[in-house]
């Protein structure tokens, strides 16, 4: 991706988040909370799988 395209895409995302924040702050907060929960669950599953794998390899 070129630098100008990347900057333009980043700017569009920032503008969308800003618009969403001003028009529906409660919706953005619940979306962020739910997204953070999904990311946390995914990372927990990933690290659990890596630990299980490393334990199986070492035995």
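Just so it is clear, none of the values below were taken in a lab; they were calculated from the coordinates. On a predicted model such as this, the values are computed, not experimentally measured, just so you know.
Summary of computed values
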item: Solvent-free Debye scattering, log10 I(q)/I(0), computed from the Cα coordinates of the chain at q = 0.16, 0.20, 0.21 Å⁻¹; result: -0.73, -0.82, -0.85
item: Max mean-square fluctuation residue, GNM over the chain, Cα-Cα springs under 10 Å, options 19, 31, 47; result: 47
item: Using alpha-carbon coordinates, inclination of helix 25-58 to the longest axis of the chain, degrees; result: 20
item: Principal-axis tilt of helix 3-23 within the chain, Cα atoms, nearest 10 degrees; result: 80
